[in-house]
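Visitor: Once you've had a glance at the structure underneath, I'll fire off some questions.
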Amino acid sequence: MFHSVAIIGAGQMGTGISQYLAMKNIKVTLIDYKEANIYKAKQSINNNLNKLLLKEKMTNDELLQVQSSINYTTEIDKCSEMDLVIESISESLDKKQELFNKLNEIMNENSILATNTSSLSITKLSAMYKIPSKVIGIHFFNPAVIMPLVEIINGLETSKDTIAQVNEFIEKINKIPVFVLDHSGFIVNRILIPMINEAVFVLQEGIASAEEIDKAMKLGSNQPMGPLELGDFIGLDTCLSIMETLHSNLGEDKYRPAPLLRKYVDGNHLGRKTKRGFYLY
């Protein structure tokens, strides 16, 4: 069992994972190079905990325990002290390469380096790290506090010991692991993101409005959230990045990103995170 865990990247996913682990009595260090991101993450977690307190789903003592279990910092050197480091920065191979270069100098040889990537090759990322056998994919789903699934993805050189330790950890924090071969999009995003992309094509072609598309999919396929609303929730920039990765790696036209999706991202209409996407928030 890991006793000390660092999360790198105080975005939506990194913040959610940190909160969840702290709620499971895991000591967490949330790291981001921007002070503003750290401040925003701390505010978000505190707001979430206060909502749980008001709903009587958490006691005041439990709230204080969770808050005390999270250390917020901009110092990446803290990773040298950790049993497990989970990187959850943006879906950019270049940015992950830059991060891994730093971690190569910092992390000790007994630590495991996990990536929360939703589409990039674990094998390719492993090759960037000094000990490829210690690299593994641990893909949480948004919101991490609620969604039970974690995809576990091993790279070409990921060791059996690394897989076993991570599997034990995921089960002990009451998540449900699903093991996936290292392939673009893994399971969920390989199916889900192209569905969102196809909904964007339907909107782009004027077949129906965003509201009607989402209504049809909710009522016709019993989905709790329509694909365009879900795209806004995930982040349209993330959806575009995953589609580009699928298209590049698999080379099939069915994974071509919808031009309208790209236009929205170019215009910074990214969904909930920018208060505007296919809907206004």
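Visitor: Considering only segment 154-193, how many residues are under 26 Å from residue 244 (Cα atoms) and assigned to a strand (DSSP E or B)? Before you say what the answer is, go through the steps one by one.
Guide: The first filter runs over segment 154-193 and keeps only residues under 26 Å from residue 244 (Cα atoms), leaving 154-158, 178-193.
If we keep only those that are assigned to a strand (DSSP E or B) as well, we get 154, 178-180.
Here the count works out to 4.
Visitor: I'm trying to understand the selection: among the residues of segment 224-253, which are touching a Phe, Trp or Tyr at 6+ places or on another chain (Cβ under 6 Å), farther than 14 Å from residue 190 by Cα and among the aliphatic types (A, V, I, L, M)?
Guide: Listed by number, the residues that qualify are 228, 236.
Visitor: Looking only at segment 115-147, filter to residues that are of a type in the set (Val, Ile, Thr) and part of a loop (DSSP other than H, G, I, E, B); which one of those is most open to solvent (accessible area, probe 1.4 Å)? Even if it seems obvious, please write down each step before you answer.
Guide: Going residue by residue through segment 115-147, those that are of a type in the set (Val, Ile, Thr) are 115, 117, 122-123, 131, 135-136, 138, 145-146.
Still in the running and part of a loop (DSSP other than H, G, I, E, B): 117, 131, 145-146.
Details: 117: 1, 131: 37, 145: 47, 146: 122 Å².
Once the filter is applied, the top-ranked residue is 146.
Visitor: Out of segment 255-281, which residues are within 15 Å of residue 199 (Cβ to Cβ), over 20 Å from the mean Cα position of the chain (by Cα) and either polar (S, T, N, Q) or not in a helix (DSSP H, G or I) (or both)?
Guide: Once the filter is applied, which keeps residues that are within 15 Å of residue 199 (Cβ to Cβ), over 20 Å from the mean Cα position of the chain (by Cα) and either polar (S, T, N, Q) or not in a helix (DSSP H, G or I) (or both), segment 255-281 yields 256, 257, 258, 278, 279.
Visitor: Also, quick follow-up: Which count do you get for residues in segment 4-57 that are under 21 Å from residue 111 (Cα atoms) and of a type in the set (D, E, K, R)?
Guide: The qualifying residues number 3.
Visitor: Would you mind stating whether residue 206 is modelled with pLDDT of 95 or more, outside any helix (DSSP H, G or I) and either over 30 Å from residue 132 (Cβ atoms) or hydroxyl-bearing (Ser, Thr, Tyr) (or both)? Break it down into steps so the answer makes sense when it comes.
Guide: Numbers: modelled with pLDDT of 95 or more: yes; outside any helix (DSSP H, G or I): yes; either over 30 Å from residue 132 (Cβ atoms) or hydroxyl-bearing (Ser, Thr, Tyr) (or both): yes.
Yes, satisfied.
Visitor: Quick one: which residue in 160, 254, 218 is at pLDDT 95 or above, surrounded by 15 or more Cβ atoms within 10 Å (Cβ to Cβ), charged (D, E, K, R) and more than 22 Å from residue 275 (Cβ to Cβ)? First the steps, then the outcome.
Guide: Details: 160 fails: surrounded by 15 or more Cβ atoms within 10 Å (Cβ to Cβ); 254 fails: surrounded by 15 or more Cβ atoms within 10 Å (Cβ to Cβ).
Residue meeting the stated conditions: 218.
Visitor: While we're here: Taking only segment 95-125 into account, find how many residues are in contact with a Ser or Thr (Cβ under 7 Å, 6 or more places away or on another chain), polar (S, T, N, Q) and without any contact (Cβ under 8 Å) to a residue 60 or more places away in the chain.
Guide: Residues in segment 95-125 being in contact with a Ser or Thr (Cβ under 7 Å, 6 or more places away or on another chain), polar (S, T, N, Q) and without any contact (Cβ under 8 Å) to a residue 60 or more places away in the chain: 1 in total.
Visitor: Filter segment 2-18 for residues that are in a loop (DSSP other than H, G, I, E, B) and either in contact with a helix residue (DSSP H, G or I) (Cβ under 6 Å, 6 or more places away or on another chain) or of a type in the set (D, E, K, R) (or both); which is surrounded by the most Cβ atoms within 10 Å (Cβ to Cβ)? Even if it seems obvious, please write down each step before you answer.
Guide: Of the residues in segment 2-18, the ones in a loop (DSSP other than H, G, I, E, B) are 2-3, 9-11.
Subsequent filtering for residues that are either in contact with a helix residue (DSSP H, G or I) (Cβ under 6 Å, 6 or more places away or on another chain) or of a type in the set (D, E, K, R) (or both) retains 2, 10.
Numbers: 2: 19, 10: 29.
Per the criteria, the residue is 10.
The values are calculated or read from the model by the stated rules, or taken from the named source; none is laboratory data. The structure displayed is predicted, hence computed values, not measured ones. Every residue, glycine among them, receives a Cβ derived from its backbone with ideal geometry; neighbour counts consider all protein chains shown. The area values use the complete protein model at the heavy-atom level, side chains included, leaving out ligands, DNA and RNA. Shrake-Rupley method; radii C 1.70, N 1.55, O 1.52, S 1.80 Å.
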